[in-house]
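Derivation of every value follows stated rules applied to the coordinates shown; laboratory data play no part. Bear in mind the structure is a predicted one, so any value in this text is a computation, not a measurement. When we count neighbours, we look across all protein chains shown, and the Cβ atoms used for this are built from the backbone with ideal geometry, even at glycine.
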Amino acid sequence: MPSYTEAISAAGGVPVLIPLGLGEEELLAIFDRIDGILLPGGGDVEPSLYHGNSHMTLWGIDPERDRTEFILSRLAVQHRKPVLAICRGIQVLNVALGGTLWEDIGSMIPDAIEHDISNGTPRNHLSHPVNIRQDSVLAKALGRTECRVNSIHHQAIRDVAPELMVTAHAPDNVIEGAEIPNHPFAVAVQWHPENMIADDPAMLSLFRALVEAAAQ
């Protein structure tokens, strides 16, 4: 979690952590007082929420976290409040809006490259390139349509939620970015830009774009 708060602070924002276990009215009261949402990485989404199946690779499932982040995701979309979704966050946003996930890339997507580079590898290790849609908010925020990224995930978007537009792919066509068209700022990436801000100024620019959208 410190890497997320450090990235927000470095981008000029003031991070506020939202605890689990709050009721919907309490979450709405907090939501009304903040200017933007960051959905961070973490464990897997409960597969029953997207009509998925249990898989031996699933880990870190937390129903209370799913509930909290689904509420906040839908509020951010409904009220057009800026949101940046990272790794698990892109998956949460997709499922909250009606999409599905690949339960495990390595065993379910033929010819997929290795996406879960997490066994002792530094979190800023650049694992593979991504191609970014030229007319996307993501490309504008990063200032580029191609970059190399870290990769610490074993799941990915399968069926894209109706409100989302895919904006980035890995070389194996695994979805690496998405956003909501005509939303002030609703951008999601499958990699971890918070671990790359010291090495790549473009990744800090992504957080600055969130903070600037929130300031407006």
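Kindly provide the set of residues from region 157-173 that are surrounded by fewer than 22 Cβ atoms within 10 Å (Cβ to Cβ) and closer than 18 Å to L126 by Cα, ordered by number. Break it down into steps so the answer makes sense when it comes.
To start, the set of residues in region 157-173 that are surrounded by fewer than 22 Cβ atoms within 10 Å (Cβ to Cβ) comprises 158-163, 165-166, 169, 171-173.
Result: H169, P171, D172, N173.
What is the residue count in region 198-211 for residues that are out of contact with any Lys or Arg (no Cβ under 9 Å at 6 or more places or on another chain), farther than 12 Å from I8 by Cβ and part of a helix (DSSP H, G or I)? It would help to see each step written out before you state the result.
To start, the set of residues in region 198-211 that are out of contact with any Lys or Arg (no Cβ under 9 Å at 6 or more places or on another chain) comprises 198-199, 201, 203-208, 210-211.
Narrowing further to those that are farther than 12 Å from I8 by Cβ: 198-199, 201, 203, 205.
Remaining after also requiring part of a helix (DSSP H, G or I): 201, 203, 205.
Result for region 198-211: 3.
Going residue by residue through region 91-109, is there one that turns out to be within 16 Å of P40 (Cα to Cα) and not aliphatic (A, V, I, L, M)? Step through it out loud before you land on a result.
Let us first name the residues in region 91-109 that are within 16 Å of P40 (Cα to Cα), namely 91-96.
With the extra rule that they be not aliphatic (A, V, I, L, M), the set shrinks to 91, 94.
Looking through region 91-109, at least one residue is within 16 Å of P40 (Cα to Cα) and not aliphatic (A, V, I, L, M).
Looking at region 43-150, what helices (runs of 4 or more DSSP H) fall wholly within it and have at least 2 residues that are charged (D, E, K, R) and either surrounded by fewer than 16 Cβ atoms within 10 Å (Cβ to Cβ) or in contact (Cβ under 8 Å) with a residue 60 or more places away in the chain (or both)?
Ranges flagged: 63-78.
With respect to V160, determine if the residue is among the hydrophobic types (A, V, I, L, M, F, W, C), part of a loop (DSSP other than H, G, I, E, B) and in contact (Cβ under 8 Å) with a residue 12 or more places away in the chain. Step through it out loud before you land on a result.
On the way: among the hydrophobic types (A, V, I, L, M, F, W, C): yes; part of a loop (DSSP other than H, G, I, E, B): yes; in contact (Cβ under 8 Å) with a residue 12 or more places away in the chain: yes.
Yes: the conditions hold for V160.
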